[in-house]
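Data first, discussion second: the structure below is written as structure tokens.
Only the coordinates and a few stated rules stand behind these numbers; no lab work does. None of these values were measured; they are calculated from a predicted model. Please note: Cβ atoms are built from the backbone with ideal geometry, for glycine as well, and neighbour counts cover all protein chains shown.
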Amino acid sequence: MKIIRTLYDMTEFRIRQRDLGLSVGFVPTMGALHEGHLSLVDKAVKENQVTVVSLFVNPTQFNNPEDFEKYPRTEEEDFKKLAAAGVDAVFAPLAEEIYPEGAPEPKTYELGSAAEVMEGKYRPGHFQGVARILDILFRLVDPHRAYFGEKDFQQIAVVRNLLKSEGLKVEIVACPIKRAPDGLALSSRNTRLSDEQRKLAPEIYQTLKYSVEYSKDHSVMATHDTVVERLDAIPGMRVEYFEIVDARTLQPVDEWSESDWIVGCITVFLGDVRLIDNIAYRLPN
Ligand code: PAF
């Protein structure tokens, strides 16, 4: 497995693959890899002749500097996991390489209304930061396919809008959420939970699952409120938002009949650790 640190070396690697006419799968990550990331990597390795993974904790997508500082960094272990998974190249640049001093002011990306709700509302600037790094990475790696986890459900919709507005041709492959046996969605941030918080965290998914049953004979509003009330009642837990939305537009729905694809997206704080998850209430046939 090749470890690439510079834009120049990444471009050179990519040109070689292109000359050979090989299909390239790309998994962008911020490192601290867990089984969720590795499931994306496995799929990329199976579906492409070459797999590239990026490891970069992208400063421009963190609206909270403390969250950025505390974000787990485990580069050496990540390299070992990726080599064992059969990855061909890891792009792990320094921040100065991606955002050199004196670089022109970033542009504002056209990300549509999907970027304005939920994460867009609670983390101002977050999706512009995600768009900025993915614009750089997509142009550099120039993949045929890019793999994203559905835990970040909204991010996938925003990335599709980015591709459209930037005229980039990459097939987005959305992969199901990986969960711990007790239901907690795998996340790099889980390593920051104390033992006590880790015991409480599965309640997020258990409550979402319960709410799917509950929704069968209750309104959207009642389902929303029951989720928020149950989780807010757990000491140390605070729901930042829970929104029941049309999965295509990410705009809130008032009635179950409004769409054939409806998802509930939640963000919960356990202490200062911010966890996200989602669940489908309606799925298209
Ligand atoms: O989902 C993530 O880990 C990040 O938002 C991404 C896509 C790697 C961009 O930094």
- Query: Cα centroid distance between the stretch 225-285 and the stretch 114-176, in Å?
  - Reply: 20 Å
- Please list, or write none, the lysines whose alpha carbon is within less than 21 Å of the alpha carbon of Lys46, excluding same-chain residues fewer than 8 places away. Lys2, Lys80, Lys81, Lys169, Lys178
- Take peptides 35-42, 89-96, 253-260 and line them up by average Cβ neighbours within 10 Å, highest first, as a rough protection proxy. 35-42, 89-96, 253-260
- Message: Restricting to bridges with both residues inside the chain, how much of the DSSP beta-bridge set is antiparallel, in percent to the nearest 5?
- Response: 50 percent
- Query: Lys/Arg Cβ at +1, Asp/Glu Cβ at -1, dipole of the chain taken about the Cα centre: which of Val141, Thr60, Thr207 is farthest positive-ward?
  - Reply: Val141
- Note on the structure: About its Cα centre, the chain carries a charge dipole, from +1 on Lys and Arg Cβ atoms and -1 on Asp and Glu Cβ atoms, whose size in debye to the nearest 20 is 740 debye
- Relative contact order (%) - the chain, alpha-carbon pairs under 8 angstrom, separation at least six: 17 percent
- Message: Classify the stretch 101-194 from the C-alpha gyration tensor, please: rounded if a/c falls under 1.5, else prolate or oblate depending on whether a/b exceeds b/c.
- Response: prolate
- Task: Would you kindly state how much longer the chain becomes between Ile172 and Gln251 on full extension, computed as 0.36 nm times their sequence separation minus their alpha carbon distance, in nm to one decimal?
- Result: 26.3 nm
- Query: Taking the chain as the region of interest, what is the percent of Cα-Cα pairs per 10 angstrom bin, listed from the shortest bin to the one with the maximum distance?
  - Reply: 6, 27, 35, 23, 8, 1
- Task: Specify the inter-centroid distance of the stretch 1-41 and the stretch 195-224, based on alpha-carbon positions, in whole Å.
- Result: 37 Å
- Query: Put a dot 7 Å past each Cα toward the Cβ at Lys216 and Trp261; how far apart are the dots in nm?
  - Reply: 2.4 nm
- Task: Please identify the longest segment of the chain free of exposed trypsin sites (Lys or Arg not before Pro), where exposed means a DSSP state other than H, G, I, E or B and no more than 16 other Cβ atoms within 10 Å.
- Result: 6-72
- Query: Based on the Cβ-Cβ distance of Asp19 and Asp182, what FRET efficiency does E = 1/(1 + (r/R0)^6) give at R0 = 51 Å, to the nearest 0.05?
  - Reply: 0.60
- Message: Running a GNM on the chain with Cα contacts under 10 Å, which residue among Tyr147, Tyr99, Tyr71 ends up with the highest mean-square fluctuation?
- Response: Tyr99
- Applying the gyration tensor rule to the Cα atoms of the stretch 41-188 (axes a ≥ b ≥ c; rounded if a/c under 1.5, else prolate if a/b exceeds b/c, else oblate), the class is rounded
- Estimated inter-spin distance, Thr108 and Lys209, nm [label 7 Å along Cα→Cβ]: 4.4 nm
- Taking the convex hull of the alpha-carbon atoms of the stretch 1-108 and averaging its shadow over every direction gives an area in square nanometres of 7.9 nm²
- Cross-link partners among aspartates and glutamates for Lys43, C-alpha distance below 13 Å, same-chain residues fewer than 8 apart left out? Glu35
